[in-house]
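Structure, as structure tokens:
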Amino acid sequence: MRLKEIKKLLSCKSLTNENLLEKEFEYCFAADLMSDVLRYARTGSLLLTGITNNQVLQVAEILDLKGIIFVRGKLPDCEIIEQSNLRGLPLLATESLMFDCCGKLYKLGLRGGKSKLEKKNEQGNILQTSV
């Protein structure tokens, strides 16, 4: 799904260059804890978050995230927007709740983070993998 379609679907405002809206997305991840994003999000995903500080850019760089949508009317400061434009990372913002955005995107075919979560024992051996 193209980001410009997502923008329309979620009633987003584009915070970065409009030419970045041509990116295609297959995966999406939503969280406000950047540690959860680092642990569970797929590389190249679209991130939905309410976190607007510099951590979100650092995580985006580590995971090679392809775009960020700020939910609940949250807006990053100008420095975050400038850095995103320089990096070619599209930023959007919506007044919608994260839960509502996730439901709409899932309904149209976007899927979530890593497909498997692992439970490990004290020695670090995998005990169980769930889908």
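Just so it is clear, none of the values below were taken in a lab; they were calculated from the coordinates. Keep in mind the model is a prediction, meaning the values are calculated, not measured. For neighbour counting, all protein chains shown are included, and Cβ atoms are generated from backbone atoms with ideal geometry for every residue, glycine included.
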Inset, instruction - Place a +1 charge on the Cβ of each Lys and Arg in the chain and a -1 charge on the Cβ of each Asp and Glu, then give the dipole magnitude about the Cα centre in debye, rounded to the nearest 20. - result: 480
Inset, instruction - Starting from the amide H of GLY112, placed 1.01 Å from N in the peptide plane, find each other amide H under 5 Å away whose residue is 5 or more places distant or on another chain. - result: CYS28
Legend entry - Shape category assigned to the stretch 1-111 from the gyration tensor of Cα positions, a/c cut at 1.5: rounded
Inset, instruction - Provide the per-residue ³J(HN,Hα) series for the stretch 13-29, in order, calculated from phi with Karplus coefficients 6.51, -1.76, 1.60 and θ = phi - 60°, each as a whole number of Hz, with x at glycine and proline positions. - result: 9, 7, 9, 10, 4, 4, 5, 7, 7, 7, 5, 9, 10, 10, 10, 9, 9
Inset, instruction - Once you've got the GNM for the chain with C-alpha springs shorter than 10 Å, pick whichever of CYS78, CYS101, CYS28 has the biggest mean-square fluctuation. - result: CYS78
Legend entry - Around ASP100: net Lys/Arg minus Asp/Glu count, Cβ-Cβ under 14 Å: +2
Inset, instruction - Could you tell me which of LEU108, CYS78, LEU91 has its Cα farthest along the dipole of the chain towards the positive end, charges placed at Cβ (Lys, Arg +1; Asp, Glu -1), taken about the Cα centre? - result: LEU108
Legend entry - Estimated vicinal HN-Hα couplings, Hz - the stretch 35-41 in sequence order (Karplus 6.51, -1.76, 1.60; Gly, Pro = x): 5, 5, 4, 4, 7, 10, 7
Inset, instruction - Using R₀ = 25 Å, calculate the FRET efficiency as 1/(1 + (r/R₀)^6) where r is the Cβ-Cβ separation of MET1 and ASN85; round to 0.05. - result: 0.65
Inset, instruction - For SER45, list long-range residues whose amide hydrogen, built 1.01 Å from N in the peptide plane, is under 5 Å from its own amide hydrogen. - result: LYS66
Legend entry - Cut-off 13 Å (backbone N to label point 7 Å along Cα→Cβ of ARG72), residues of the stretch 20-41: 31-34
